[in-house]
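The values are calculated or read from the model by the stated rules, or taken from the named source; none is laboratory data. Small disclaimer: the values here were computed from a predicted structure and weren't measured. All Cβ positions, glycine included, derive from the backbone under ideal geometry; neighbour counts span all protein chains shown. Ligands, DNA and RNA are excluded from the accessible area calculation, which covers all protein heavy atoms including side chains. Shrake-Rupley method; radii C 1.70, N 1.55, O 1.52, S 1.80 Å.
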Amino acid sequence: TRGAWGEDYAAAYLRRHGYRILARNYSCRFGEIDLIARRGDILCFVEVKLRSDRRFGLPRDFVTTAKQRRIRTTAAFYMTRHDPDLCARFDVAEVYDDETPPRIEYIENAFE
């Protein structure tokens, strides 16, 4: 599917920039996180948004307050079981597939 392709593209981007992918589509009773990556002592919870059309706004605009809350809760659950001593960061990977080659706009600390 297009969504899986966007996540693959974002994961490859992260690897090229020194991140190690720890999980894809991590889910628990609280929600789902597209990618969980680590670089150094920072654990990054990444929401991937794929868009071909910007008429309705930027991809980051679709990471609503409610979505952010679910991601934070899911991340806390993940950290209690895996890496409780690392610093957490919440990022958004905007993948634009209407360009050749596709482009990524990677936003660190997209939300707290």
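So, by mean Cβ neighbours within 10 angstrom, what's the order for 54-67, 75-88, 92-105 with the highest one leading? Please list the in-between numbers first.
Working: 54-67: 12.0, 75-88: 13.6, 92-105: 15.9.
Result, highest mean first: 92-105, 75-88, 54-67.
I want to check the label-to-label distance for ALA12 and MET79. Put each point 7 Å from Cα in the C-beta direction and report it in nm to one decimal.
3.1
Rounding to the nearest 10 and keeping the result within 0 to 90°, find how far the Cα-based axis of helix 2-16 lies from the longest principal axis of the chain.
70
Which length gain, in nm to one decimal place, applies between ALA23 and ASP97 when the Cα-Cα distance is subtracted from 0.36 nm times their residue separation? Don't skip to the end; give the middle numbers.
Details: separation 74, 0.36 × 74 = 26.64 nm, distance 2.32 nm.
Fully extending the segment from ALA23 to ASP97 adds 24.3 nm.
Given a Förster distance of 30 angstrom, what is the FRET efficiency for ASP41 paired with LYS67, based on the Cβ-Cβ distance and rounded to 0.05?
Details: r = 26 Å, r/R0 = 0.87.
Given R0 = 30 Å and the Cβ-Cβ separation, E is 0.70.
Leaving out ligands, DNA and RNA, and with a 1.4 Å probe, what % of the accessible surface on the chain is carbon or sulfur?
Details: 3050 of 6230 Å².
About 49 percent, which is the carbon plus sulfur part of the accessible surface.
In the chain, with Lys and Arg counted as +1 and Asp and Glu as -1 at Cβ, which of these residues, THR73, PHE56, PHE45, has the Cα nearest the positive end of the dipole, that is, farthest along it?
Value computed over the given set: THR73.
Dimensions of the chain along principal axes (Cα, Å, largest first)?
For the chain, the Cα spread along each principal axis is 40, 30, 24 Å.
For the chain, take the longest principal axis of its alpha carbons; what is the angle in degrees between that and the long axis of helix 65-81, to the nearest 10 within 0 to 90?
Relative to the chain, helix 65-81 is tipped by roughly 40 degrees.
With a 1.4 Å probe and all protein chains left in place, how much accessible area per residue does the chain have, in Å²?
56
Pull up all non-local amide H partners of LEU22: gap of 5 or more, or a different chain, and H-to-H distance under 5 Å with H placed in the peptide plane.
ILE36, ALA37, ARG38
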